[in-house]
């Protein structure tokens, strides 16, 4: 697993050289976001992502 966007171009070469799968974090994140979009998944509206209650909006 590569650690930063600066290493993105190394994944394919390292995979070939070592014969092991090398994961690029940026590529993995983009693919995950694309999959979530295709599945029409949305952010949960529970917990920390819940709308602010009307009574608390005056204090924001």
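Given the structure, is residue 12 surrounded by 11 or more Cβ atoms within 10 Å (Cβ to Cβ) and either in contact with a helix residue (DSSP H, G or I) (Cβ under 6 Å, 6 or more places away or on another chain) or modelled with pLDDT of 90 or more (or both)? Can you show your working first?
Values: surrounded by 11 or more Cβ atoms within 10 Å (Cβ to Cβ): yes; either in contact with a helix residue (DSSP H, G or I) (Cβ under 6 Å, 6 or more places away or on another chain) or modelled with pLDDT of 90 or more (or both): no.
No.
Write out, first by first residue and then by second, each pair whose Cβ atoms fall under 7 Å of each other, whose residues are 6+ apart or on separate chains, and whose first residue, in the stretch 28-56, is over 25 Å from residue 12 (Cα atoms) while the second is surrounded by 10 or more Cβ atoms within 10 Å (Cβ to Cβ).
From residues that are over 25 Å from residue 12 (Cα atoms), there are no pairs.
So if I check each of 47, 27, which one is surrounded by 10 or more Cβ atoms within 10 Å (Cβ to Cβ) and modelled with pLDDT of 80 or more? Walk me through it before giving the result.
Numbers: 47 fails: surrounded by 10 or more Cβ atoms within 10 Å (Cβ to Cβ).
Step by step, each of 47, 27 is checked, and only 27 is surrounded by 10 or more Cβ atoms within 10 Å (Cβ to Cβ) and modelled with pLDDT of 80 or more.
The values are calculated or read from the model by the stated rules, or taken from the named source; none is laboratory data. Quick caveat, the model's predicted, so the values are computed rather than measured. Neighbour counts are summed over all protein chains in view; Cβ atoms, including those assigned to glycine, are modelled from backbone coordinates with ideal geometry.
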